[in-house]
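*Asks:* Can you read through this structure? Questions will come right after.
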Amino acid sequence: EPEVTQTPSHQVTQMGQEVILRCVPISNHLYFYWYRQILGQKVEFLVSFYNNEISEKSEIFDDQFSVERPDGSNFTLKIRSTKLEDSAMYFCASRTLAGRSYNEQFFGPGTRLTVL
Amino acid sequence: GQQLNQSPQSMFIQEGEDVSMNCTSSSIFNTWLWYKQDPGEGPVLLIALYKAGELTSNGRLTAQFGITRKDSFLNISASIPSDVGIYFCAGQHSNTNAGKSTFGDGTTLTVKP
């Protein structure tokens, strides 16, 4: 069964460093998302991406964040200058636009980002 | 922002018991989704609901889309140890736009054998 994959599974970085989190969405999906989950808290929406542009973003997704689909398969989240409070699990999700499962978002296993 | 109130926050039950959890919202949703999350993993979609009043089953799981479109519940029948995890509801406002999901705070389920 097709699935969303994410790399790395765990990223440790120093405050102020740039990180890039990578995702490979399900191949025939057209909408892509990033969510984050601070330890012990709920999943929070960051950004949605469709047709090579951002569709919607939350207040969390400030100028330090950017997303990109550099080729036909990868979807990346970049944090330009990490802060301690960026430590969280980051989940990529994707969905198709067709059929009964129109709104069903499928999540990857996540990248745990630790900012020291 | 949108608020989803999910209850109960946690449940401790015996294997074989039935479980019920629910979500309520201050606003109307067009889609309700229920996810299960195991420790250190991503949310796994269990059930999707698209119409007010819709009742959908997935094995021992049953979920309903409330007729007011502001609530949903999830039932698990005859619980087993592998049902342990955190269950999240998520709502979506639009069928045509970005379709971002707003998540509830989660219900942590513990099943005692």
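*Asks:* Can you find a residue that is hydrophobic (A, V, I, L, M, F, W, C) and touching a residue at least 24 places away in the same chain (Cβ under 8 Å) anywhere in the stretch A:52-60?
*Replies:* Within the stretch A:52-60, one or more residues are hydrophobic (A, V, I, L, M, F, W, C) and touching a residue at least 24 places away in the same chain (Cβ under 8 Å).
*Asks:* For the condition surrounded by fewer than 16 Cβ atoms within 10 Å (Cβ to Cβ) and part of a strand (DSSP E or B), what is the one hit in B:S27, B:S72, B:S20?
*Replies:* Within the list B:S27, B:S72, B:S20, the selection yields B:S20.
*Asks:* Only residues in the stretch B:41-59 that are assigned to a strand (DSSP E or B) count as the first member; pair them with residues that are at pLDDT below 95 and among the acidic types (D, E), Cβ under 9 angstrom, at least 6 apart or cross-chain, and list the lot.
*Replies:* As it stands, the answer is B:V44/B:D38; B:L45/A:E104; B:A48/A:E104, since those pairs meet every condition given.
*Asks:* Can you name the number of the only condition in (1) within 12 Å of chain A (Cβ to nearest Cβ); (2) crowded, with 19+ Cβ neighbours inside 10 Å; (3) under 14 Å from A:E104 (Cβ atoms) that B:A63 fails?
*Replies:* The failed condition is (1).
*Asks:* What number of residues in the stretch A:18-36 are surrounded by 13 or more Cβ atoms within 10 Å (Cβ to Cβ) and over 14 Å from the mean Cα position of the chain (by Cα)?
*Replies:* Qualifying residue count for the region: 2.
*Asks:* Can you name every residue in the stretch B:31-40 that is assigned to a loop (DSSP other than H, G, I, E, B) and at pLDDT 90 or above?
*Replies:* B:D38
*Asks:* Another question, if that's okay. Which of the residues that make up the stretch B:75-87 are surrounded by 20 or more Cβ atoms within 10 Å (Cβ to Cβ) and in a strand (DSSP E or B)? Write out each step before concluding.
*Replies:* In the first step, residues of the stretch B:75-87 are kept if they are surrounded by 20 or more Cβ atoms within 10 Å (Cβ to Cβ); the result is B:76, B:79, B:85, B:87.
Passing the criteria: B:I76, B:G85, B:Y87.
*Asks:* Next question, about the same structure. Does B:A90 satisfy the condition of being part of a strand (DSSP E or B) and more than 12 Å from chain A (Cβ to nearest Cβ)?
*Replies:* No, not satisfied.
*Asks:* Then there's this: In the set A:T76, A:T82, A:T114, which member is more than 13 Å from chain B (Cβ to nearest Cβ), part of a loop (DSSP other than H, G, I, E, B) and modelled with pLDDT of 95 or more?
*Replies:* Answer to the check: A:T82.
*Asks:* Those residues that are part of a loop (DSSP other than H, G, I, E, B) and either of a type in the set (S, T, Y) or within 12 Å of chain B (Cβ to nearest Cβ) (or both), I need them from the stretch A:42-70; list them, please.
*Replies:* A:K42, A:V43, A:N51, A:S58, A:E59, A:I60, A:F61
*Asks:* Looking at (1) surrounded by 13 or more Cβ atoms within 10 Å (Cβ to Cβ); (2) over 12 Å from the mean Cα position of the chain (by Cα); (3) within 11 Å of chain B (Cβ to nearest Cβ), which is the one condition that is false for A:L39?
*Replies:* Tallying (1) surrounded by 13 or more Cβ atoms within 10 Å (Cβ to Cβ); (2) over 12 Å from the mean Cα position of the chain (by Cα); (3) within 11 Å of chain B (Cβ to nearest Cβ), A:L39 fails exactly one: (1).
The values are calculated or read from the model by the stated rules, or taken from the named source; none is laboratory data. These figures come from a predicted structure and were not determined experimentally. Neighbour counts are summed over all protein chains in view; Cβ atoms, including those assigned to glycine, are modelled from backbone coordinates with ideal geometry.
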